[in-house]
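Student: Right, I'll just put the structure down here and ask away after.
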Amino acid sequence: MKILSLKLLRDMKQSMGQFIAVVLVIAVGAFFYTGLVTLSDNLSAYTKGYFEEHNLSDLNVFYSQISAEDAAGLHSMEGIHHIEGRYTVHATQSFEDAKAALTLHSIPASNEINTPKMIEGRMPTKPNEILLDSHYAEAHHYRVGDPLSLRVNDKDMTFTISGLNENVEHAKKNETQDHQAYGATYIPEETISEIAGSFFYNEILIDAKDGYDIDKIGQAIEANSDSLPYVSQMSKERTFNYSQIHQTIHNNKLMSRVIPIVLFLIEAVILFLIMSRMIDSQRNQVGIMKALGVKNRSILLHYMGYPVLAGVIGSILGYAIAAALFIPLITTSIGRSYSLPDLTFTLSFLTLLPPMICSSAFGMLSCYLSGRAILQERAAQAMRPKPPKKMKKLLIEKVPGMWRRLPYSYKIILRNIFLNKQKALASSVGVVVSTVLLITAFGTQTALLQVAGQIEEVNTYDLRVDYYTGSFPDTVTLPPGIADSYELSTYPVEFIQGENKEQATLVVTEQENELIHFYDEKGNRLSLADHGVLVPKSYADQYRISEGDMIRIQFTAPELNQTSVDMKVLDISTQYSNPSFYSTPGYMKSLGIDYAPSSRLVSVESAADLASIRGFFEQDPKVDAIADKDDLKKSAQYMLKQNSFIFIMFIICAVILSFGAIYTISSINIYERNRELATLKVLGYPKRRINRLIFSENMLLTAFAVIVALPISGYVYSIIIRALSSTHQQIPDQLNLVIILASVVLAFILTLISNLMLRKKVTRIHMIESLKGVE
């Protein structure tokens, strides 16, 4: 056994480049698996613990104003574990060339819901003290003890920063997590009277008992608020903060399952090709070992040691690279996306096992399947080279005059390919797999660019003005310079089909609204109508919805009393980012649903008017938020920045996998043809012509493989996209010509690089040893 171990090391040393290529193939799969699984598991576990530790509110109930006594009276309701009242107001801070928006919350001395995570300093206890968002403080260079001047309720107020914190309810502030423009602060209850003019609350935080239905608690609170100035309520699942984090976790789980599985399958194909060709090329050595009395089981275990050793080294290498590269990148990315204090990503040694076991198992299986036939032969038979195959005339030889005009080197290439069809096919399969992987990798990156690009293509408004709940003005005199203005409202709903329920969003806007564009899957414009609803393609694909079908929608906002309606599908709309259902006020009215607009979309006649029109809306105390085209661009750029690194790494890994497969198979091709190439050298063929002979054959096989790969790539890409897509995330599933051409060119470049690197292997062929080795 010791001698076989030494032979294994000798084989690896003689073909070190080939062994390194196999290790890299395995390392790529281990890199992505350990990195993505760590991202998914750690983020999911952390957010669950973080929300529980700081007791994220289950329900937020909003009033115009409510006294402390009335708020305390709600505590006795069934299902409520704890209740806290607070006063929430929006403030602004002006700088030389910008303005920031801050949310002020009062915080009780005995705070138990949405408790802050202190970063520095202490809680505010005096009337003019304030607890500031640490990221906002960092963006504007504030420290504990500094004064903070804000404009609140048309009053200029100055606070002293008592501490810096991060809060569980503001882990995600907005689409782009812009800490410079948005912040959150907390003030003691003693400051409420100074800001509001008297002491009262306008928001109630509910901590529900375990097992109770939040929607039923919300309905009960609304029913008991008849004598109070009730406005609205929002469960934690509907909050932007909570929904965005859980959407990210869901998407990461999809990627952690789909991408490693794809890479492991490709790795399995490559390992099978490599090990089967390697054992077949060493059949004479198998015969010698049998003649020396080595048992078949020992011979098989000897060859199985190669993929096992490569699997162990490759998995450890992939793990180490993930720790050095993937973990720092995702730590930075998540830190830029969310405010999650003390979040760390730590690789578990257990993540080493799946790639190690998979690669070893695939390699051992290929060794068993490939070696079984050779081991059944007698030693003398295995030691002899395979008898020459009977060669029939090629089709091209039967064409008069054509075969004679071909150069001799091309005749050798064609005859070698058709004489060894199985080997040529195996080589082509490796290149086919590599080309499919390259096209898929480039396709996913292009899909991400399309998703980001559609944000600006669909939303053509110059300003979006969101009003506080129930504050949309009945009549408003708009300033001059506005070209078009349309109203809309957004409703939280549940899509229901049979036993399946999906949280969704229904946007209701005017039929004539030209500031939001809708497209079908072929890029044709769609229009709203008063007799149906536009359904996102992501939902249509998941639940097999077609134009003209009836779907059930349930309104989850408590003020609509869980009303369920059946809606007719007007058309299927392609929406890549934040897919929503769209309908019109007329259709809502026909279904018995009261339409109350909450936002206004505005386009301006001239860019010069934009600043003055924005200033007009900023002065309106009923306005909650304003977004413009710059915000849309930031949102698109932010999406690219946050996701591109994973897809770029996927492309790099695809290139490494492809190169490893092409290099290894080409190396084995040369090893198998040592005797033939040595004969050509003896006959006086120069090195240049021999290299051209081999490399022309490799290029011809690559060309054939690419032709076969093209139709397969589209099918494989569509399967991967379907696996990565969900009702809340649609990914474009169509490949364009540029992507296909780029992938094909790269496949040829990798073949060329492999050829250049293998020139030394051809040069080192020993003529006498190769010719006499069989004897």
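Student: Residues of region 274-288 being crowded, with 21+ Cβ neighbours inside 10 Å and of a type outside the set (D, E, K, R), which ones? Give the derivation first.
Tutor: Pass one, region 274-288, residues crowded, with 21+ Cβ neighbours inside 10 Å: 274-275, 277-279, 286.
Residues satisfying the conditions are Ile274, Met275, Met278, Ile279, Val286.
Student: Next up: Taking the condition of being crowded, with 16+ Cβ neighbours inside 10 Å and either assigned by TED's automatic domain parsing to the domain that holds Asn174 or not polar (S, T, N, Q) (or both), how many residues in region 596-623 meet it?
Tutor: Result for region 596-623: 12.
Student: Of all residues in region 429-481, which are among the aliphatic types (A, V, I, L, M) and within 30 Å of Pro621 (Cα to Cα)?
Tutor: Residues of region 429-481 among the aliphatic types (A, V, I, L, M): 429, 431-433, 436-439, 441, 447-449, 451-452, 455, 458, 463, 465, 476, 478.
Within region 429-481, Ile455, Val458, Leu463, Val465, Val476, Leu478 meet the criteria.
Student: In region 551-603, how many residues are among the polar types (S, T, N, Q), over 30 Å from Leu449 (Cα atoms) and at pLDDT below 90? Don't jump to the end; show me each part of the working.
Tutor: If we filter region 551-603 for residues that are among the polar types (S, T, N, Q), which is where we start, we get 554, 556, 561-564, 573-575, 577-578, 580, 583-584, 590, 598-599, 603.
So of that shortlist, the ones also over 30 Å from Leu449 (Cα atoms) come out as 554, 556, 561-564, 584, 590, 598.
Right, trim to at pLDDT below 90 and you get 554, 556, 561-564, 598.
Counting residues in region 551-603 that are among the polar types (S, T, N, Q), over 30 Å from Leu449 (Cα atoms) and at pLDDT below 90 gives 7.
Student: Okay, next question. Against the definition (charged (D, E, K, R), crowded, with 20+ Cβ neighbours inside 10 Å, on the phi < 0 side of the Ramachandran plot and under 26 Å from the mean Cα position of the chain (by Cα)), how does Lys253 come out, yes or no?
Tutor: Here the answer is no, as Lys253 does not meet what is asked.
Student: Here's something else I'd like to know. In this structure, is Ile593 without any contact (Cβ under 8 Å) to a residue 24 or more places away in the chain, of a type in the set (A, V, I, L, M, F, W, C) and over 25 Å from Ala91 (Cβ atoms)?
Tutor: Working: without any contact (Cβ under 8 Å) to a residue 24 or more places away in the chain: no; of a type in the set (A, V, I, L, M, F, W, C): yes; over 25 Å from Ala91 (Cβ atoms): yes.
For Ile593, the condition - without any contact (Cβ under 8 Å) to a residue 24 or more places away in the chain, of a type in the set (A, V, I, L, M, F, W, C) and over 25 Å from Ala91 (Cβ atoms) - is not met.
Student: Okay, moving on. So which of Leu515, Leu488, Leu478 is within 22 Å of Gln244 (Cβ to Cβ), of a type outside the set (Asp, Glu) and in the same structural domain as Ile593 (by TED's automatic domain parsing)? If you could, list the steps in order and put the result at the bottom.
Tutor: On the way: Leu515 fails: within 22 Å of Gln244 (Cβ to Cβ); Leu478 fails: within 22 Å of Gln244 (Cβ to Cβ).
Exactly one residue qualifies, and that residue is Leu488.
Student: Working only within region 472-500, note down all residues that are in a loop (DSSP other than H, G, I, E, B) and within 12 Å of Arg600 (Cβ to Cβ).
Tutor: Phe472, Pro473, Val476, Leu478
Student: Check every one of the strands (runs of 3 or more DSSP E) wholly within region 131-242 and list those with 3 or more residues that are surrounded by fewer than 18 Cβ atoms within 10 Å (Cβ to Cβ) and over 39 Å from the mean Cα position of the chain (by Cα). Talk me through it step by step, then tell me what you get.
Tutor: Numbers: elements: 147-152, 155-167, 182-188, 201-208, 230-235.
Ranges flagged: 147-152, 155-167.
Student: Could you please tell me which pairs satisfy a Cβ distance under 6 Å, a separation of 6+ or placement on different chains, a first residue in region 240-259 that is outside the structural domain of Val37 (by TED's automatic domain parsing), and a second residue that is modelled with pLDDT under 80 and not basic (Lys, Arg)?
Tutor: Filtered contacts from region 240-259: no entries.
Student: Which one of these does Leu263 not meet: (1) out of contact with any Ser or Thr (no Cβ under 8 Å at 6 or more places or on another chain); (2) under 23 Å from His81 (Cα atoms); (3) in contact (Cβ under 8 Å) with a residue 12 or more places away in the chain?
Tutor: It fails just one condition, (2).
Student: Within the group Gly211, Gly218, Gly197, which residue is out of contact with any Asp or Glu (no Cβ under 8 Å at 6 or more places or on another chain) and more than 22 Å from Glu78 (Cα to Cα)?
Tutor: Values: Gly211 fails: more than 22 Å from Glu78 (Cα to Cα); Gly218 fails: more than 22 Å from Glu78 (Cα to Cα).
On inspection, the qualifying residue turns out to be Gly197.
Student: Checking the structure you have, find out if any residue of region 19-34 is part of a loop (DSSP other than H, G, I, E, B) and within 28 Å of the chain's Cα centre (by Cα).
Tutor: Residues of region 19-34 that are part of a loop (DSSP other than H, G, I, E, B), as a first pass: none.
The answer is no; no qualifying residue exists.
Student: Do we find a residue being under 30 Å from Ala742 (Cβ atoms) and either under 31 Å from the mean Cα position of the chain (by Cα) or buried (at least 19 other Cβ atoms within 10 Å of the Cβ) (or both) anywhere in region 672-693?
Tutor: Taking region 672-693 and keeping what is under 30 Å from Ala742 (Cβ atoms), we get 691-693.
With the extra rule that they be either under 31 Å from the mean Cα position of the chain (by Cα) or buried (at least 19 other Cβ atoms within 10 Å of the Cβ) (or both), the set shrinks to 693.
Yes, region 672-693 has at least one match.
The values are calculated or read from the model by the stated rules, or taken from the named source; none is laboratory data. Computed from a prediction, not measured in an experiment: that's the story for all the values here. Backbone-built Cβ (ideal geometry, glycine too); neighbour counts: all protein chains shown.
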